[in-house]
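What follows draws every value from the coordinates through simple rules; no lab data is involved. Note that the structure is predicted; figures quoted are calculated from it, not measured. Neighbour counts run over all protein chains shown; Cβ positions are idealised from the backbone, glycine included.
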Amino acid sequence: MSTSSSVSDPAYLRARAMETLFERLEKLCEGAIAIDRGGRVVYVNEKYLAALGLKHTSEAMGRPIEEVIPNSLMRKVAETGEPILLDIMELGGEQLVVTRMPIEDENGKVIGAIGFVLYDHLESLKPLLARVAQLESDLRLARRQLSNARAARFTFADFVGTTPAIAQAKQLASRAARQSVTVLLTGETGTGKEMLAQAIHNASSRAEKPFVSVNVAAVPDTLIESEFFGTAPGAYTGADRRGREGKFRIADGGTLFLDEIGEMPLQLQAKLLRVLQEREIEPLGSDKISKVDVRVVAATNVDLRKRVSDGAFRPDLYYRLNVLSIDLPPLRDCLDDLPDICARLLEDISASGDYVNARITPSALAALARYDWPGNVRELRNILERALILSDSGRLTGDDVARILPVGAEVRVAAPSRPAGAVVPYAEAEAEFEKHTLEQRSPPATARSPRRADAADLARDLLQEARQVRPRLGPRLRLSFETWSVRSLGFRTRRFAPPFRRGR
């Protein structure tokens, strides 16, 4: 066949393409090996010998593939005829990216299989592998949510923060997830107590079981017992004839999250204590006791020890709940994590609404950092979402944030930093004291309190006298401003003793 006619022959081109592909793959890959239908090695190239721990190709010929590559899937490909196009195989303590394909004869019958090592260094593939692992984790979580309407949504990855207080909370929560102990979460409102409770559930052996959340303060006192323990059929007038399962029965095998546990009525606290101790419940109107397997995670934003001392909370229940206590820090103590927290919140907000290219500028972060955040992360999300609604570009600036922060918001003013033990100049110390005394401790005079103005005048007179006396006190004298009171005028200053020296 002439060259010109063979070039236009499809069969010839296909045959050459197959040979060229094989030759190129063999040159480019890190190793190649082939087996026959019976799973015995019929070919191995020189580049693969070192990885296989062999010196000559003859050492592999005719041997079962499993003797050369333990746990190899080549035999499966030869038997089924189904390729494994991309896989990660561990060999000699290293991970290799491989592909495996069946070999067919002219009639399309599978007569063996061939495998290529495409890549033997996975360092540059780590971001891709991490992404795949995250997608697999998200897929498992999504499947749980679809199969269980009461599944927890959040994991430890959602609880953003690296400051010491957050890191400690996450570490304790991780320990709690490995056990089935009762957990008490404390912290101000909006600090993410339910999120952490869900993360504990999802990291525990109960992750496939229900996660049931109850806000104790939201349940009416008249219904709270039936809400928790259920009701027997016809337990009272108007009750469901089929009975009703309580939260403990619904959460059986999983986790019951009791938010605002400090608001639980005393009469119910005794029954809750029995459930925690005996792991059994008695529905309202029933004389039958049934066992339950529930891990309780309780949360509160009040001081339970004070409630115990006030008689509003049972001490024995407090001790039973406080097996492992985790304190969640307020947002104002975690401002170093503010950029990461804002980024996660903006991601969630963008997913729930039509916000394109939502991002936050350094000036906006600086404005947010000056606010005191009494509502913590819940309030921060509210502010960010409101700012995005009012923004035309989705790019939040300091002005965007300042316009929507609450009127009269508490602003954190950073005090000037000084090294410990530093000597403060007299003029600076005097100016600070005068400002502290006159501006902060002396309210403006009004028609109803004219004596406040008199007190301020007296303070100024005393300061003037101190200035006149100071030159006579000596150049190296350590001076202090002592407390004085003008009780008849209703004016009082705090002790203020800044250390300063004059001259050297």
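Structure values in brief
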read-out: Contour excess over end-to-end distance, with Cα ends at ASN382 and LEU25 and 0.36 nm allotted per residue; value: 122.9 nm
read-out: When each of LYS193/LYS271; LYS76/LYS209; LYS193/LYS306; LYS55/LYS109; LYS271/LYS306 is checked by Cα-Cα distance, pairs over 31 Å; value: LYS76/LYS209; LYS55/LYS109
read-out: Relative packing of peptides 317-328, 57-68 - highest average C-beta neighbours within 10 Å first; value: 317-328, 57-68
read-out: DSSP-defined beta bridges in the stretch 183-342 - what % are antiparallel, rounded to 5; value: 15
read-out: Theoretical FRET efficiency, 1/(1+(r/R0)^6), r = Cβ-Cβ of SER325 and LEU135, R0 30 Å, to 0.05; value: 0.25
read-out: Net dipole in debye of the stretch 211-357 [+1 Lys, Arg Cβ; -1 Asp, Glu Cβ; about Cα centre; nearest 20]; value: 760
read-out: Environment charge at PRO64 (Cβ cut-off 9 Å; Lys +1, Arg +1, Asp -1, Glu -1); value: +1
read-out: Estimated FRET transfer efficiency when R0 is 41 angstrom, pair ARG305-GLU347 (beta carbons, to 0.05); value: 0.60
read-out: Peptides 17-25, 77-85 ordered by average Cβ neighbours within 10 Å, highest first; value: 77-85, 17-25
read-out: Charge context of LEU25, other residues only, Cβ under 12 angstrom, K/R +1, D/E -1; value: -1
read-out: Segment GLU59-ILE250, extension gain: residue separation times 0.36 nm, minus the distance between their alpha carbons; value: 62.5 nm
read-out: Counted charge near ASP158, where neighbours are those whose Cβ lies closer than 12 Å (Asp, Glu -1; Lys, Arg +1); value: -2
read-out: Gained length - ALA366 relative to ASP36, 0.36 nm times residue gap less alpha-carbon distance; value: 112.0 nm
